Amino acid sequence: MKSSQLVAIVHRLEAMQENTDSEVQVRRFEKEGQERCLISYDPKAETYELEEVSDHSVYQFDDIDLIAIEIYELLQD
């Protein structure tokens, strides 16, 4: 059975929260070498920001499940 992509996404997002610095953490998510989105985590505000690379739309999330689902959907296109 193939491992879950959604679980892998959640683990990457959780790792962003675990950093003890107060600096904004940034991760890139790609599919087949093409960047799909850029994720920033602000530990002070405890919020994630998702920027879609294709059209530079920016969305903010305070729920890890919701942003994980959004990233998953972007990686499926």
Restricting the range 1-70 to chymotrypsin sites (Phe, Trp or Tyr not before Pro) in coil, as DSSP defines it, with at most 13 other Cβ within 10 Å
none
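Determine the relative contact order of the chain: mean sequence separation of Cα pairs under 8 Å and six or more apart, normalised by residue count, in whole percent.
Relative contact order here is 26 percent.
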With angles folded into 0 to 90 degrees, how steeply does helix 64-76 sit against the dominant principal axis of the chain? Use alpha carbons for both and round to 10.
30 degrees
Distance histogram in 5 Å bins (all Cα pairs of the chain, percent per bin)
3, 15, 29, 26, 16, 8, 2, 0
So, with a 1.4 angstrom probe, what is the percent of accessible area on the chain that is carbon and sulfur?
45 percent
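Please identify every one of the trypsin sites (Lys or Arg not before Pro) in the range 6-77 that sits in a loop by DSSP and has no more than 16 other beta carbons within 10 Å of its own beta carbon.
LYS44
The values are calculated or read from the model by the stated rules, or taken from the named source; none is laboratory data. All values derive from a computational prediction rather than experimental measurement. Ideal geometry is used to build each Cβ from the backbone, glycine not excepted, and the neighbour counts take in all protein chains shown. Accessible surface areas use protein heavy atoms only, side chains included; no ligands, DNA or RNA. Shrake-Rupley method; radii C 1.70, N 1.55, O 1.52, S 1.80 Å.
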